[in-house]
Amino acid sequence: MAWDPNQGQPNNPNTGYGPPPNPYDAPQNPYTNPPENPYAAPPYGPPGYQGGPGYYPPPQSAPLPLGESIRNLPNQYIKVTTKPGPMTFAEEMGKASWDIVWVQLIFYAIISTILSYLATLISGMNFNPTSTGSVNPALLQSIRSITLGITFGQIILIPLFFFIGMAIIYGLARAFGGQGTFLTQSYTYLLFDVPLGIVSSLIALIPLAGGFIAIAIGIYRIVLAIFSVMAVHRLSGGKATAVVLIPIGVALLLICGLLVLVVALFAAALQQH
């Protein structure tokens, strides 16, 4: 069959001829966003999270059963204390639950009480009564009683002061724009505070050198606390540092004032005798 030239070009893609483009069709936008990179890393974090400087929180909360949480604690302690950084806390904070928080607090309070009592016994062995001079024996007995009372009272005082401290840090973090929860903050804080606190109490039993080592460990605990606040509340390093150091500074001022008051009262008591 012959091709009629009046019928136009045949619609054959192999010939290079086809129907002309419709001039009324909407042109494609050359400025549209390019397609997503299929090789990019998937988003990591809860909906609405804007990310942070080099770290991300876990995708969701996934607390473990209590028995499994207790078995995992030694590895978590080693990981948090030997690999410091916000990302380390971000990887662990999804396991937060109140039962494991209370288990750690009770364990820490009991061990600290035992170690404090041992320290009291050691100091008592090294105490020379003749060095007291004219100090009233009744006053010395009162000091011993108060010391023992504080030692055994740590079972209650440690959890009490822990939650007071956590409440202060949490309030400051929220004031600086923090987004974390009180539970997650408490959980991540205990992951380093329990092992380092126990190590500090053990080292403090060593005369002289133990005190200096304990101070160094205390400074390291402050650094880890800053990393913990950065991860939990998604704050910058500067804001997290302020959140941690402000309560410490206020506490140091109060302690100094209390020591001055105690020394003044003690001096007054000596003058009366």
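The values are calculated or read from the model by the stated rules, or taken from the named source; none is laboratory data. Note that the structure is predicted; figures quoted are calculated from it, not measured. Heads up, the Cβs are rebuilt from the backbone with ideal geometry, glycines too, and the neighbour counts pull from every protein chain shown. Protein only, heavy atoms only, side chains kept; ligands, DNA and RNA dropped before computing areas. Shrake-Rupley method; radii C 1.70, N 1.55, O 1.52, S 1.80 Å.
Report the full-extension gain for the segment Arg71 to Ile246: residue separation times 0.36 nm, less the Cα-Cα distance, to one decimal in nm. Don't jump to the answer; show the numbers that get you there.
Numbers: separation 175, 0.36 × 175 = 63.00 nm, distance 3.48 nm.
Full extension of this stretch gives 59.5 nm more.
Using the alpha-carbon centroid of each, what span in Å lies between the stretch 83-111 and the stretch 213-273? Centre-to-centre (Cα) distance: 22 Å.
Sorting Met230, Met87 by accessible area (1.4 Å probe), largest first, what list results?
On the way: Met230 25, Met87 70 Å².
Descending order: Met87, Met230.
Show me the ranking of peptides 106-113, 68-75 by mean Cβ neighbours inside 10 Å, starting with the highest. If you can, show how the numbers build up before the last one.
Details: 106-113: 17.0, 68-75: 13.5.
The packing order, highest mean first, is 106-113, 68-75.
Extension gain, Phe152-Asp99: 0.36 nm per intervening residue step, less the Cα-Cα distance, totals 16.7 nm.
Scanning residues 5 or more positions from Ala96 or on other chains, those with amide H under 5 Å from its amide H are Ala62, with H placed 1.01 Å from N in the peptide plane. Note on Leu253 and Phe107: with the Förster distance fixed at 35 Å, the Cβ-Cβ geometry gives a FRET efficiency of about 0.65.
Going through the stretch 194-273, which trypsin sites (Lys or Arg not before Pro) have at most 12 other Cβ atoms within 10 Å and a DSSP loop state?
Numbers: sites: Arg221, Arg234, Lys239; in loops: Arg234.
Hits after loop and neighbour filter: nothing returned.
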